[in-house]
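Okay, here's the structure, questions in a sec.
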Amino acid sequence: MRHATSHVPVPGGPDELHRGLSAFGRTQAGQLVDDLADLRPDAIASSPYLRAVQTVEPLARRFGVTVTTDAALREWESGLEPRPDYADHYARSWADPDFARPGGESLAALSTRAVAALRVLADQHAGGTVVVGSHGTFVARALAGFGVAVDWPFSAAMPMPAVYRLSFSGMRFHAEGPGLR
Ligand SMILES: O=C(O)[C@H](O)COP(=O)(O)O
């Protein structure tokens, strides 16, 4: 899932690891407990970024599961500082997924990282259910890596939070969630 509404990044504010959910986002995270009451997860994994961990914490408490963090579930390392015209830069990366900025990761590399991390979790919990707390571009590029036809407009329109249900059965993969047909 993509995390709930977070504090907006500001110069001198918390870094990406420590920027947490807003008050509204914490309410949204609590609401996920009711929305996902049918899930009964066997495990909960999360990006180490605070906003992702805080999104799955209420679920973890409800189901008595410990949140395990994994850096492989972190958000895209875009190589960009927060900037108002970020969307133009994201669009450029979606147009050329092999393009990487200095110090950054290409979207193709993110897809490779995301698919590998999710496959490990699926294999570790075969036949079970794992909740994964992560980020918008991570989720979109994971879907792309699994062969789902998603693009920059899909990623830009992804709600916050957004829950996608990915099913693995042998070689078969199925995904459901906001913006997918
Ligand atoms: O999910 C995301 O898009 C990233 O984590 C960035 O989220 P932000 O809106 O908190 O910067």
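Filter the range 1-10 for residues that are over 22 Å from Gly64 (Cβ atoms) and either surrounded by fewer than 12 Cβ atoms within 10 Å (Cβ to Cβ) or in contact with a strand residue (DSSP E or B) (Cβ under 7 Å, 6 or more places away or on another chain) (or both) and give the result.
Initial filter on the range 1-10 (over 22 Å from Gly64 (Cβ atoms)): 2, 5-10.
Across the range 1-10, the qualifying residues are Arg2, Thr5, Ser6, Val8, Val10.
Filtering the range 11-55 down to residues that are without any contact (Cβ under 8 Å) to a residue 40 or more places away in the chain and among the hydrophobic types (A, V, I, L, M, F, W, C), which residue is surrounded by the most Cβ atoms within 10 Å (Cβ to Cβ)?
Checking each candidate, the answer is Leu21.
Within the range 119-141, which residues are part of a helix (DSSP H, G or I) and away from the ligand (no atom under 12 Å from the Cβ)?
At the first step, the residues of the range 119-141 found to be part of a helix (DSSP H, G or I) are 119-124, 136-141.
Result: Arg119, Val120, Leu121, Ala122, Asp123, Gln124.
Considering only the range 30-40, I want to know if a residue exists there that is within 14 Å of the ligand (Cβ to nearest atom) and either closer than 27 Å to Leu166 by Cα or not aromatic (Phe, Trp, Tyr) (or both). I'd like the intermediate steps shown before the answer.
So in the range 30-40, the residues within 14 Å of the ligand (Cβ to nearest atom) come out as none.
No, because not a single residue in the range 30-40 is within 14 Å of the ligand (Cβ to nearest atom) and either closer than 27 Å to Leu166 by Cα or not aromatic (Phe, Trp, Tyr) (or both).
Separate question: Give Val33, Val56, Val8 a once-over and let me know the one that is hydrophobic (A, V, I, L, M, F, W, C), outside any loop (DSSP other than H, G, I, E, B) and over 14 Å from the mean Cα position of the chain (by Cα). Spell out the reasoning first.
Numbers: Val56 fails: over 14 Å from the mean Cα position of the chain (by Cα); Val8 fails: outside any loop (DSSP other than H, G, I, E, B).
Only one candidate passes the filter, namely Val33.
The numbers here are math on the coordinates, done by the rules we state, and not lab data. Just so it is clear, the structure is predicted and the values come from calculations on it, not from any experiment. Virtual Cβ from ideal backbone geometry, glycine too; neighbours counted across all protein chains shown.
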